[in-house]
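Notes to accompany the following structure.
Throughout, read-outs are computed from the coordinates displayed, never taken from laboratory work. From a predicted model like this one, the values you see are computed outputs, not experimental measurements. Please note: Cβ atoms are built from the backbone with ideal geometry, for glycine as well, and neighbour counts cover all protein chains shown.
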Amino acid sequence: MMASAFAFFQAQTWKVADGYSVKFDGGDPSGEFTGLNGTIQFDENNLAASKFDVTIDVASINTGNGMKNTHAKGAGWFDVEKYPTIAFTSSAITKTATGYEAKGTLAMHGIQKEFTMPFTFANNTFNSAFEVNRHDFKLDDGKHEKMVPNMKVTLVVPVTK
Amino acid sequence: MAAIAANIYNQVYFFATQVDFSAIVNIVTLVSVNIFVSLLAGLLYMLSTSLFKERGVIVFNLAYSMGSFACVMIPIMFTLPLSQPFPELFPGLAVPMVFFPVIAWMTIEPLFPS
């Protein structure tokens, strides 16, 4: 009886499947990250027990240009040696008119900020699109004044049980 | 001649790195680009020898060499499709190829004395 009660309060645990994409678009640069890991607990009928705890391997960044990749990983930008991951940990997931919202903490470049990530879940795939202001995380070497501050991020994450 | 050299180098580079750049660099693109560059060089040679007479060959050779060096930046700055793995290896393939047309020209040109 205790086991079944415990199971009742657990949200479904999902594994990230192949074919996911984590893309960012700031004009120049644009690209993707290919190292997504973490645990996803999500149940549409039990949002209170749902939780995202995911990380992105910063070294997996790819802009399509080797020189830009090296530059992005360097001390002036993501500084992958000091801050090897980007992490998002949710504190609450709620339903919205267009889908869902995951409120939590986004940790990047040694800075943690409260962040709300809108997303949808359909056909065992999480979809999310949002913007991140790189200045909030001090991602600026001061030499690219023309680079847009807001990066458009698009996540498509198929999952399996 | 430059296209032949480029295709041989393409095969050698693939053998050495096992990274396939054929989506961007293949026999069609190599032949097309080398023909285009060589035709352009021919036109510029004609122009240079018409304008500068005896010094036209010197001016052309200088311009062709310097232009080739300047073109080194093209593969370095080139953005590959995100699906292409190991983009950092692309300059190693494409930069030497930038010099093949000018090398071919310098090799063949003395065979056709004016």
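Could you identify the single residue in A:Val58, A:Val16, A:Val22 that is of a type in the set (Val, Ile, Thr), under 30 Å from A:Gly142 (Cα atoms) and away from every other protein chain (no Cβ under 14 Å)? Being of a type in the set (Val, Ile, Thr), under 30 Å from A:Gly142 (Cα atoms) and away from every other protein chain (no Cβ under 14 Å) holds for just one of A:Val58, A:Val16, A:Val22, which is A:Val58. Pull up region A:62-109, narrow it to residues that are away from chain B (no Cβ under 14 Å) and among the polar types (S, T, N, Q), then point me to the one that is surrounded by the fewest Cβ atoms within 10 Å (Cβ to Cβ). Among them, the one singled out is A:Thr98. Just one residue in the set A:Lys73, A:Lys103 is more than 20 Å from A:Gly31 (Cα to Cα) and without any contact (Cβ under 8 Å) to a residue 40 or more places away in the chain; that residue is A:Lys103.
Tell me yes or no: at least one residue of region A:25-35 is surrounded by fewer than 19 Cβ atoms within 10 Å (Cβ to Cβ) and among the hydrophobic types (A, V, I, L, M, F, W, C). No.
The sole residue among B:Phe78, B:Phe100 that is within 14 Å of chain A (Cβ to nearest Cβ), surrounded by 13 or more Cβ atoms within 10 Å (Cβ to Cβ), among the aromatic types (Phe, Trp, Tyr) and within 16 Å of the chain's Cα centre (by Cα) is B:Phe78. The set of residues in region A:86-120 that are of a type in the set (A, V, I, L, M) and more than 20 Å from A:His135 (Cα to Cα) comprises A:Ala92, A:Ile93, A:Ala97, A:Ala102.
Screening B:Val19, B:Val33, B:Val37 for residues that are among the hydrophobic types (A, V, I, L, M, F, W, C), within 27 Å of A:Met67 (Cβ to Cβ) and part of a loop (DSSP other than H, G, I, E, B) leaves exactly one candidate, B:Val19.
In the set (1) free of Cβ contacts under 8 Å to residues at least 24 places away in the same chain; (2) in contact with a Phe, Trp or Tyr (Cβ under 7 Å, 6 or more places away or on another chain); (3) crowded, with 16+ Cβ neighbours inside 10 Å, the condition left unmet by B:Pro87 is number (2). Total residues in region B:81-97 satisfying the condition of being more than 10 Å from the chain's Cα centre (by Cα) and either part of a loop (DSSP other than H, G, I, E, B) or more than 12 Å from chain A (Cβ to nearest Cβ) (or both): the figure is 6.
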